[in-house]
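*Asks:* Next up is a structure, given as structure tokens.
The values are calculated or read from the model by the stated rules, or taken from the named source; none is laboratory data. These numbers were taken from a predicted model, which means no experiment stands behind them. So basically every Cβ, Gly included, is an ideal-geometry build from the backbone, and we count neighbours across all protein chains shown.
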Amino acid sequence: MNWGKGITIAIIAFMTFIVVLIVNLMSKNVDLEYEDYYMREVSYSDRITAESNGLPFVRTTRVQFTEDALVILLPDDFPAVDSGLVHFYRPDNAGADVRMELTNEKEQFFPIKLFKSGRYEIRMEWTGDGKPYFLKKTVFVQ
């Protein structure tokens, strides 16, 4: 085999690799984390304050699974919830996200049938005692 054939085969192999790579990447589902991403970035200092307020509750807030529910167990020193939201964020599929209201109960029950198996990031955002709070935990649903 001479140099010309080798170079031609190498170029064709490289071009085939690039085409397969492009087709593969174009077929992937890519969702934005938030639709209002830029507006959230403007108020990011508020998020930092909320995260620092919620930091004491990260370790004491627990997540358990029962046969028919995902249960979030809130600690005794958890502040009263004026208004709040629990967002179960699925990084690889926005269609599998679940959003529910946060209540003042120490045990928050969420039906397991709402979730597909895989990794979820629990984002709890609430206000209580006039302060914003934000807490984030990761769980794996079987």
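*Asks:* Which condition number in (1) surrounded by fewer than 18 Cβ atoms within 10 Å (Cβ to Cβ); (2) touching a Lys or Arg at 6+ places or on another chain (Cβ under 9 Å); (3) within 17 Å of R62 (Cβ to Cβ) is the one that K116 fails?
*Replies:* (3)
*Asks:* Sticking with this one: Given the criteria surrounded by 11 or more Cβ atoms within 10 Å (Cβ to Cβ), within 29 Å of G130 (Cα to Cα), without any contact (Cβ under 8 Å) to a residue 40 or more places away in the chain and among the hydrophobic types (A, V, I, L, M, F, W, C), does V63 qualify? Quick ask: steps written out before the conclusion?
*Replies:* Working: surrounded by 11 or more Cβ atoms within 10 Å (Cβ to Cβ): yes; within 29 Å of G130 (Cα to Cα): yes; without any contact (Cβ under 8 Å) to a residue 40 or more places away in the chain: no; among the hydrophobic types (A, V, I, L, M, F, W, C): yes.
Criteria not met by V63.
*Asks:* State the number of residues belonging to the range 1-35 that are at pLDDT below 85 and aliphatic (A, V, I, L, M).
*Replies:* So the count comes out to 3.
*Asks:* Report every pair of residues separated by at least 6 positions or lying on different chains whose Cβ atoms are under 7 Å apart, first residue within the range 119-142 and farther than 28 Å from G95 by Cβ, second assigned to a loop (DSSP other than H, G, I, E, B) and of a type in the set (G, A, S).
*Replies:* G128/A80; D129/A80
*Asks:* Just give me the residues in the range 101-111 being surrounded by fewer than 16 Cβ atoms within 10 Å (Cβ to Cβ) and not polar (S, T, N, Q), in sequence order.
*Replies:* First, the residues of the range 101-111 that are surrounded by fewer than 16 Cβ atoms within 10 Å (Cβ to Cβ): 101, 103-107, 109, 111.
E101, E105, K106, E107, F109, P111 - these are the residues of the range 101-111 that are surrounded by fewer than 16 Cβ atoms within 10 Å (Cβ to Cβ) and not polar (S, T, N, Q).
*Asks:* Still on this structure, I have one more. Only residues that are touching a strand residue (DSSP E or B) at 6+ places or on another chain (Cβ under 6 Å) and over 14 Å from F140 (Cα atoms): list them for the range 69-96, please.
*Replies:* Applying the first criterion (touching a strand residue (DSSP E or B) at 6+ places or on another chain (Cβ under 6 Å)) to the range 69-96 yields 69-73, 79-90.
Hits for the range 69-96 are L73, P79, A80, V81, D82, S83, G84, L85, V86, H87.
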